[in-house]
1. Counting only residues that are closer than 15 Å to Ala149 by Cα and in contact (Cβ under 8 Å) with a residue 60 or more places away in the chain, which one in segment 73-95 is surrounded by the fewest Cβ atoms within 10 Å (Cβ to Cβ)?
2. Looking at segment 30-46, which of its residues are within 26 Å of Lys119 (Cα to Cα) and either of a type in the set (Asp, Glu) or without any contact (Cβ under 8 Å) to a residue 12 or more places away in the chain (or both)?
3. Can you tell me which residues in segment 106-154 are within 15 Å of Thr34 (Cβ to Cβ), outside any helix (DSSP H, G or I) and not acidic (Asp, Glu)?
4. Restricting the first residue to segment 108-120 and requiring it to be charged (D, E, K, R), which pairs with a second residue that is modelled with pLDDT of 85 or more meet a Cβ separation below 9 Å and a spacing of at least six or different chains?
5. Just to be sure I understand the filter: pairs with C-beta atoms under 7 Å, separated by 6 or more residues or on different chains, first member in segment 47-59 and assigned to a helix (DSSP H, G or I) and modelled with pLDDT under 90, second member surrounded by fewer than 16 Cβ atoms within 10 Å (Cβ to Cβ) and not charged (D, E, K, R). Which pairs pass?
6. Could you tell me whether segment 21-29 includes any residue that is β-branched (Val, Ile, Thr) and either closer than 15 Å to Ala116 by Cα or touching a residue at least 24 places away in the same chain (Cβ under 8 Å) (or both)?
7. Restrict the check to segment 59-66 and report whether at least one residue is surrounded by 14 or more Cβ atoms within 10 Å (Cβ to Cβ) and touching a Lys or Arg at 6+ places or on another chain (Cβ under 7 Å).
8. Just one of (1) loosely packed, with under 15 Cβ neighbours inside 10 Å; (2) assigned to a loop (DSSP other than H, G, I, E, B) trips up Phe99, so point out which.
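The values are calculated or read from the model by the stated rules, or taken from the named source; none is laboratory data. Source: prediction; values computed, not measured. A quick note on method: Cβ atoms are made from the backbone with ideal geometry, for glycine too, and the neighbour counts reach across all protein chains shown.
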Amino acid sequence: MNLPNKLSLFRLLLVPIILLILYSNISYNVDIATAIFILASVTDLIDGYIARSRNIITNLGKFLDPLVDKVLVVSILIYLVYKQIIPDWMVIIIVAREFMVSGLRILSASHGIVIAASKLGKLKTNSQIVAVIFAMQEWPFYWWLMFIAVILTIVSGAHYIWKGRHLFKE
């Protein structure tokens, strides 16, 4: 297993740690969890950079990296709904898009095609990460950042469906 894939697995292992800290009663739990979330998010940038710069992009990485991103972001979004920091409809839209794109990836894989993350998909992920950081801290404008992330989520989901429309002609 190459380094980028190991970083993706490391990011996945950070998810339960972040959640345990968020649900704990320790002092500064949200600040600590936010810092770990930022660390996890930075590993996403690093693993992608390493994979591209060393030309070690693998099908496992194309599958694992976006999946781990979804687990990381959606886990925290569910927590934010639980704490009534963001509305549930935002998370429903985000999760629905993730299911649709994941389903499209499964369908394309059955045809021997691997769908890697697009630039628009990466922009969506980055907007969600920034919005989640602001929402975790309840910093100003976090709701608007979440709204922008939801719009990008819808647009990027539609883009994936449009690009994969040929798969629906069976």
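1. Step by step, filter segment 73-95, then rank; the result is Ile93.
2. Going through segment 30-46, the residues within 26 Å of Lys119 (Cα to Cα) turn out to be 34-46.
Once the filter is applied, which keeps residues that are within 26 Å of Lys119 (Cα to Cα) and either of a type in the set (Asp, Glu) or without any contact (Cβ under 8 Å) to a residue 12 or more places away in the chain (or both), segment 30-46 yields Ala35, Val42, Asp44, Leu45.
3. If the condition is that a residue be within 15 Å of Thr34 (Cβ to Cβ), outside any helix (DSSP H, G or I) and not acidic (Asp, Glu), then Trp139 is the only one that fits.
4. Short answer, once both residue conditions are applied: none.
5. Short answer, once both residue conditions are applied: Asn59/Val114.
6. Taking segment 21-29 as the starting set, the residues that turn out to be β-branched (Val, Ile, Thr) are 21, 26.
Still in the list and also either closer than 15 Å to Ala116 by Cα or touching a residue at least 24 places away in the same chain (Cβ under 8 Å) (or both): none.
Checking segment 21-29: not a single residue is β-branched (Val, Ile, Thr) and either closer than 15 Å to Ala116 by Cα or touching a residue at least 24 places away in the same chain (Cβ under 8 Å) (or both).
7. No, every residue in segment 59-66 fails to be surrounded by 14 or more Cβ atoms within 10 Å (Cβ to Cβ) and touching a Lys or Arg at 6+ places or on another chain (Cβ under 7 Å).
8. Against the list (1) loosely packed, with under 15 Cβ neighbours inside 10 Å; (2) assigned to a loop (DSSP other than H, G, I, E, B), Phe99 comes up short only on (2).
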